[in-house]
Amino acid sequence: MTTLTAPEETTSACFELSEEALDMREATREFADKRIYPNAEEWDAASAIPEEIIKELQELGYFSMLMPEKYGGLGLSMLAYAVVIEELSGGSAGLGITVSVNNSLVIEAINLFAGEDLRTRYLPKIAEGWIGAYCLSEAGAGTDITSIRCTAVKKGDSYVLNGAKLWVTNAGLADLFIVFAMTDPAAGRKGMSAFVVEAKFDGVSTGKPENKLGIRCSDTREVNLVDVKVPADNLMGAEGDGFKTAVGILNGGRIGVGAQAVGIGMASLEASIKYSKVREQFKRPISEFQGIQFKLAEMATRLEAARTLVYRAAATVDAGKTVHRIASMAKLFASRTANYIANEGVQIHGGYGYIKEYAVERYFRDARITEIYEGTSEAQLMVISRDLLKEQK
Ligand SMILES: Cc1cc2nc3c(=O)[nH]c(=O)nc-3n(C[C@H](O)[C@H](O)[C@H](O)COP(=O)(O)OP(=O)(O)OC[C@H]3O[C@@H](n4cnc5c(N)ncnc54)[C@H](O)[C@@H]3O)c2cc1C
């Protein structure tokens with residue numbers, strides 16, 4: 001008998017879009033149409049998002065979507081959140097990840113893995129405008145997160161942190177960092193701990209912005225920690241909980257990146273349909289050629305499958321069920337789909353697709369990162385296959 005029938009934890013999670021999700025989708029689409037789509041090219045060229053846009057989104061609550069209302073957030077479901085990230089990322093994938101990191105990796109880390117003291121100290125600050133970043137990766141530690149070298153040594157009422165974190169999204173905007181460090185390097189994953197580190201603590205500094213292929217308007221920098229004294233109370237959970245926190249948080253993060261990928265795919269497809277109707281060759285719009293029609297049909301079908309998987313993973317979180325396999329599947333499939341659609345989008349635009357004047361050039365560049373960060377595609381395959389082999393006795 002097969003054990004590969006639809007697993008209970010996913011089939012019981014219904015993802016009917018709630019009123020809340022539908023309202024948020026409409027409001028976000030409206031915002032994106034007015035404020036993001038017309039400006040995203042400029043932000044990409046400038047490698048920055050204007051401060052007033054960030055402020056506006058903060059005031060509307062987008063930077064605190066996953067924060068419970070009692071701390072000042074919107075308290076959205078994961079499904080409504082995924083819908084919003086998709087819409088924001090359609091306009092600008094760089095903006096999408098800026099918002100997603102603050103919600104999925106920072107607010108969720110504090111809300112789900114820190115105690116009430118840290119929640120009440122930091123979540124309201126984020127609701128009022130603080131921005132957060134997530135510092136896990138290092139020069140020698142990417143997929144293998146257990147090889148981080150950053151250390152935290154207990155001295156009296158503090159921990160002293162030393163190390164360098166690489167490619168930290170939002171680093172240059174951040175008021176606080178979730179930092180992973182080894183409190184017991186000899187204990188491997190059991191020696192990893194997580195801390196809330198304020199950007200203003202002595203010894204914290206950030207490097208210059210990375211010169212990236214895509215998502216250029218998002219801020220990515222190194223974060224350096226030199227003898228940074230962090231109050232012992234800023235330890236999240238207990239010493240040794242860091243690995244569990246890092247892995248647990250990435251489940252939600254993967255839904256955010258999956259939604260970002262769906263947004264990029266959606267925007268690429270919309271641009272391609274529009275272009276195919278106006279571009280004429282052989283005295284007719286190229287949309288009249290079956291070769292182009294089939295490309296659009298394939299892109300739309302894969303987009304819908306990716307969206308369904310991402311929504312299903314989000315609904316699984318909302319249902320309080322085990323999520324790691326479905327979240328990895330959603331991220332794997334949606335990111336591959338975004339790259340497929342963005343590539344076809346450039347093809348449909350021909351030479352114009354290779355020129356910066358058309359947005360598909362940016363979508364093509366932006367799509368690439370979705371297969372890399374918050375776990376590469378290979379890392380997702382590792383999670384899924386490990387789970388399958390464990391299950392099939
Ligand atoms: C723009 C950007 C933003 C980022 N933002 C953040 C952030 O905010 N916070 C943060 O902590 N990190 C961040 N990262 C880091 C990102 O999460 C890592 O780049 C990613 O996890 C991969 O690690 P790596 O680059 O070291 O690749 P590596 O782990 O060195 O992998 C190299 C290749 O080997 C493959 N590979 C590795 N191990 C295996 C294996 N066992 N089996 C098969 N294949 C394997 C990988 O899939 C990949 O193809 C960011 C990166 C970028 C580029």
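The values are calculated or read from the model by the stated rules, or taken from the named source; none is laboratory data. This one's a predicted model, so the numbers in the text were calculated from it and none came from an experiment. Here Cβ is always computed from backbone atoms with ideal geometry, including for glycine, and neighbour counts include all displayed protein chains. Side chains included, ligands, DNA and RNA excluded: accessible areas come from the protein's heavy atoms. Shrake-Rupley method; radii C 1.70, N 1.55, O 1.52, S 1.80 Å.
Just a few scattered comments:
- Per-residue 3J(HN,Hα) values for region 343-356, derived from phi via the Karplus relation 6.51 cos²θ - 1.76 cosθ + 1.60 with θ = phi - 60°, read 5, 5, x, 5, 4, 5, 7, x, x, 5, x, 9, 10, 4 Hz in sequence order (x marks Gly and Pro).
- Cα shape, region 133-240, gyration tensor, a/c 1.5 rule: oblate
- The phi-based Karplus calculation (6.51 cos²θ - 1.76 cosθ + 1.60; θ = phi - 60°) puts the 3J(HN,Hα) values of region 107-113 at 4, 5, 4, 6, 5, 9, 10 Hz, whole numbers, x for Gly and Pro.
- Distant-in-sequence amide H partners of GLU222 (H built 1.01 Å from N, under 5 Å): TRP167, VAL168, GLY207, LYS208
- Applying 1/(1 + (r/R0)^6) with r as the Cβ-Cβ distance of ALA164 and LEU22 and R0 = 51 angstrom yields a FRET efficiency of 0.70.
- Of LYS55/LYS321; LYS154/LYS212; LYS34/LYS356; LYS208/LYS295; LYS212/LYS283, pairs whose Cα-Cα distance is over 30 Å: LYS55/LYS321; LYS154/LYS212; LYS208/LYS295; LYS212/LYS283
- For SER137, the residues whose modelled amide H falls within less than 5 Å of its own, excluding neighbours fewer than 5 places apart on the same chain, are LEU166.
- 1.4 Å probe accessible area per residue over the chain, in Å²: 44
- Simple rule: put +1 on each Lys or Arg Cβ and -1 on each Asp or Glu Cβ in the chain, find the dipole, and look at VAL106, MET78, THR169; the Cα lying farthest toward the positive end is THR169.
- If R0 is taken as 30 Å, the Cβ-Cβ distance between GLU288 and ILE355 corresponds to a FRET efficiency of 0.80.
- Karplus-based coupling profile of region 191-208, in residue order and whole Hz: x, 9, 9, 10, 9, 9, 10, 7, 4, 7, 4, 4, x, 9, 9, 10, x, 7, with θ = phi - 60° in 6.51 cos²θ - 1.76 cosθ + 1.60 and x standing for Gly or Pro.
- With respect to the chain, whose longest principal axis is taken over its alpha-carbon atoms, helix 290-318 is tilted by about 30°.
- Cα gyration tensor shape of region 65-142, rounded if a/c is under 1.5, else prolate or oblate by comparing a/b with b/c: oblate
- Using only side-chain charges placed at the Cβ, +1 for Lys and Arg and -1 for Asp and Glu, the dipole size of region 68-128 relative to its Cα centre rounds to 160 debye.
- Protection-proxy order for peptides 235-243, 273-281, 37-45, 258-266, each taking the mean of Cβ atoms within 10 Å per residue, highest first: 258-266, 235-243, 37-45, 273-281
- Theoretical gain in end-to-end length, ASP117 to GLU304 [0.36 nm per residue, Cα-Cα removed]: 63.1 nm
- For the chain, the longest principal axis of the alpha carbon atoms and the long axis of helix 78-91 meet at an angle near 60°.
- Distant-in-sequence amide contacts of LYS154, defined by a placed amide H-H separation under 5 Å and a gap of 5 or more residues or a different chain, comprise VAL160.
- For the chain, with all protein chains in place and a probe radius of 1.4 Å, 54% of the accessible heavy-atom surface sits on carbon or sulfur.
- Against the criterion of solvent-accessible heavy-atom surface with a 1.4 angstrom probe, GLU30, GLU56 sort, most first, into GLU30, GLU56.
- Placing a label point 7 Å from the Cα of LYS70 along the Cα-to-Cβ line, the residues of region 113-138 whose backbone N sits under 11 Å from it are 116, 120.
- Contact order relative to length of the chain, as percent, for alpha carbon pairs under 8 angstrom and 6 or more apart: 18
- Between region 302-345 and region 21-69, the alpha-carbon center distance in angstrom: 22
- Mean Cα-pair separation over length for region 133-240, i.e. relative contact order, pairs under 8 Å, 6 or more apart, %: 32
- When +1 charges are put on Lys and Arg Cβ atoms and -1 charges on Asp and Glu Cβ atoms, the dipole computed for the chain relative to its Cα centre reaches about 1020 debye.
- Summary value for region 8-131: 30 percent relative contact order, contacts being C-alpha pairs under 8 angstrom separated by 6+ residues.
- The chain - mean residue ellipticity at 222 nm from DSSP helices (-39,500 (n - 2.57) per run, n ≥ 4, rounded to 500): -16000 deg cm²/dmol
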